[in-house]
1. What nm distance separates the two modelled labels at residue 35 and residue 75, each placed 7 Å from Cα along Cα→Cβ?
2. When 25, 47 are ordered from fewest to most other Cβ atoms inside 10 Å of their Cβ, what list results?
3. Given labels modelled 7 Å from the Cα in the Cβ direction, how far is it in nm from residue 58 to residue 84?
4. How large is ³J(HN,Hα), in whole Hz, for each residue of region 50-60 in order, when computed from phi with the Karplus curve 6.51 cos²θ - 1.76 cosθ + 1.60 and θ = phi - 60°, using x for Gly and Pro?
5. What are the ³J(HN,Hα) values, in whole Hz, obtained from phi via the Karplus relation 6.51 cos²θ - 1.76 cosθ + 1.60 with θ = phi - 60°, for each residue of region 70-77 in sequence order, with x given for Gly and Pro?
6. Compute the projected area of the convex hull of the Cα atoms of region 28-82, averaged over all viewing directions, and report it in nm² to one decimal place.
7. What is the calculated FRET efficiency for residue 28 to residue 49, with r their C-beta to C-beta distance and R₀ = 22 Å, to the nearest 0.05?
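Taken together, the values in this text are just the output of simple stated rules run on the coordinates, not laboratory data. For clarity, every value in this text was computed on a predicted model and none was experimentally measured. All Cβ positions, even for glycine, are placed from backbone atoms using ideal geometry, and neighbour counts span all protein chains on display.
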Amino acid sequence: MEGDLKALSVKKSHTRMSQASACYKLLEALSRLPFPAVISAAEDIHKVLALRSAGLIEAETSMPICRSGERKIESAQVTAITSEGRATLQRAWGRCLGGAEHAAGARHAA
C-alpha cells in the first residue's frame with residue numbers, strides 16, 4: 001500500500017513538471033510572435049491561463065461557452081509578456097528578448 005502511494009506521488013509530481021515545462025515552451029514560442037497573438041488550440045488556452053495566473057503574460061480570453069455543463073474558452077489573445085515572464089525566459093533559456101538587433105545594440109552600448 002505504501003509503495004502504491006509513493007508511486008502515485010511520483011507520477012503526480014512528474015505530471016506537474018511536464019505541464020510546467022509545456023507552459024514554459026509556450027512562453028518561449030510566444031516570445032517569437034508579434035502581439036497580439038491569438039491562441040485557439042484548447043491545450044494551449046489552458047497553458048495561457050496558467051501563464052497569465054503566474055503573472056508571466058498579459059492575455060484576454062473569449063467569454064466561456066457552456067455546453068453540457070462544461071465551460072469552454074474558445075480563444076485567448078496574448079497581448080504581452082510581462083517583465084517577470086521575460087526574466088523567466090532569460091533564466092530558463094538564457095535568451096534575451098528583443099532579437100538580434102537588441103543584442104547587437106547592447107554590445108555596442110557596452
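1. Rounded to a tenth, the inter-label distance reads 1.9 nm.
2. Numbers: 25 13, 47 23.
Result, fewest neighbours first: 25, 47.
3. Those two pseudo-labels are separated by 1.5 nm.
4. Rounded to whole hertz, the list is 5, 5, 5, 4, 7, x, 8, 9, 10, 8, 10.
5. Calculated HN-Hα couplings, in order: 10, 8, 9, 9, 7, 7, 9, 10 Hz.
6. Computed as one quarter of the Cα hull surface, the answer is 3.7 nm².
7. 0.80
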